[in-house]
Amino acid sequence: MKLNILAFGAHPDDVELGCSGTIAKEISLGKKVGIIDLTRGELGTRGSAEIRDKEAQKSAKILGVSVRENLSFRDGFFVNDEFHQLEIIKKIRKYQPEIVLCNAIDDRHIDHGKASKLVSDACFLSGLIKIETELDSVVQKAWRPKMVYHYIQWKNIEPDFAVDITGFIDIKMESVLAYGTQFYDPNSKEPVTPITSKNFLDSIKYRAQDLGRLIGVEYAEGFTVERCLAVSSLENLI
Ligand SMILES: [Zn+2]
């Protein structure tokens, strides 16, 4: 299946927190979008890998993505090496996205920066024809996405551009809250962590609102890029 956009996250819920408003908007515009989680988030303080699998699928339905897969890398301990790069290359070649979205370039959780570089490196390597991969015993064609964009997570990284997600903040929040074990729940008996605070849950919306304020819309999500941005016409900027 060919996709327009493939979003990667180190953990299930990274994509929702970072860019699910953008994903919902692109799907509403007719784009085909997929999500690939690198780990099952098994080291998360709350919940379990099995529960998070279900939460991730629930969120996928809410967003309307065409596919959601999990590479089952080791949460906390995966590295940027040949094995992990090849597993990601196989997915990039399978879905042939023009645009890849991936983790923040630097963040509080060590997996985020690692995943950011790992996915970006795999996007480059995927375009080299002498790297041979197979899927279901069929040799895959080389494919390099045109763009790699990094969403923003815990840290307030200055975005290089912002996407207007006005009209899609509710579906973003719904997709985040599909992870019932991960965020603010006053009735939970499990340990409290920074991401289970009410402040963090509130921040998802007010940060989108604040970025929206800066670009003159209601809500926005920010991204950073690896190369100079270009537009075909000045009118394409809002
Ligand atoms: Zn994460």
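Going through the stretch 75-97 one residue at a time, which ones are over 20 Å from Glu26 (Cα atoms), of a type in the set (A, V, I, L, M) and open to solvent by less than 50 Å² (accessible area, probe 1.4 Å)?
Within the stretch 75-97, Leu86, Ile88, Ile89 meet the criteria.
So which of Val163, Val139 is more than 16 Å from the ligand (Cβ to nearest atom) and free of Cβ contacts under 8 Å to residues at least 12 places away in the same chain?
Result of the check over Val163, Val139: Val139.
Here are some residues: Val15, Val33. Which one is of a type in the set (Val, Ile, Thr) and within 13 Å of the ligand (Cβ to nearest atom)? Steps first, answer last, please.
Working: Val33 fails: within 13 Å of the ligand (Cβ to nearest atom).
Testing whether each residue is of a type in the set (Val, Ile, Thr) and within 13 Å of the ligand (Cβ to nearest atom) leaves just Val15.
Just to confirm my filter: which strands (runs of 3 or more DSSP E) fall fully inside the stretch 143-238 and include at least 2 residues that are over 14 Å from Leu17 (Cα atoms) and in contact with a His (Cβ under 8 Å, 6 or more places away or on another chain)?
Because the criterion is at least 2 residues that are over 14 Å from Leu17 (Cα atoms) and in contact with a His (Cβ under 8 Å, 6 or more places away or on another chain), the strands (runs of 3 or more DSSP E) in the stretch 143-238 that meet it are 220-225.
Just give me the residues in the stretch 63-96 being without any contact (Cβ under 8 Å) to a residue 12 or more places away in the chain and of a type in the set (Lys, Arg), in sequence order.
Passing the criteria: none in range.
Among (1) under 16 Å from Ala104 (Cα atoms); (2) free of Cβ contacts under 8 Å to residues at least 40 places away in the same chain, where does Ala60 come up short?
Condition not satisfied by Ala60: (1).
Do you know which residues across the stretch 98-116 are surrounded by fewer than 24 Cβ atoms within 10 Å (Cβ to Cβ), more than 10 Å from the ligand (Cβ to nearest atom) and touching a residue at least 60 places away in the same chain (Cβ under 8 Å)?
Scanning the stretch 98-116 gives Glu98, Ile99, Ile105, Lys114.
Within the stretch 15-70, track down each residue that is hydroxyl-bearing (Ser, Thr, Tyr), out of contact with any strand residue (DSSP E or B) (no Cβ under 7 Å at 6 or more places or on another chain) and not in a helix (DSSP H, G or I).
Matches in the stretch 15-70: Thr45, Ser48.
May I ask you to list the residues in the stretch 117-136 that are part of a loop (DSSP other than H, G, I, E, B) and touching a residue at least 24 places away in the same chain (Cβ under 8 Å)?
Scanning the stretch 117-136 gives Ser126, Ile131, Thr133.
The values are calculated or read from the model by the stated rules, or taken from the named source; none is laboratory data. Predicted model, so just to flag it, every value in this text is computed and none were measured. Neighbour counts run over all protein chains shown; Cβ positions are idealised from the backbone, glycine included. Quick note on the areas: whole protein, heavy atoms, side chains included, nothing else; ligands and nucleic acids left out. Shrake-Rupley method; radii C 1.70, N 1.55, O 1.52, S 1.80 Å.
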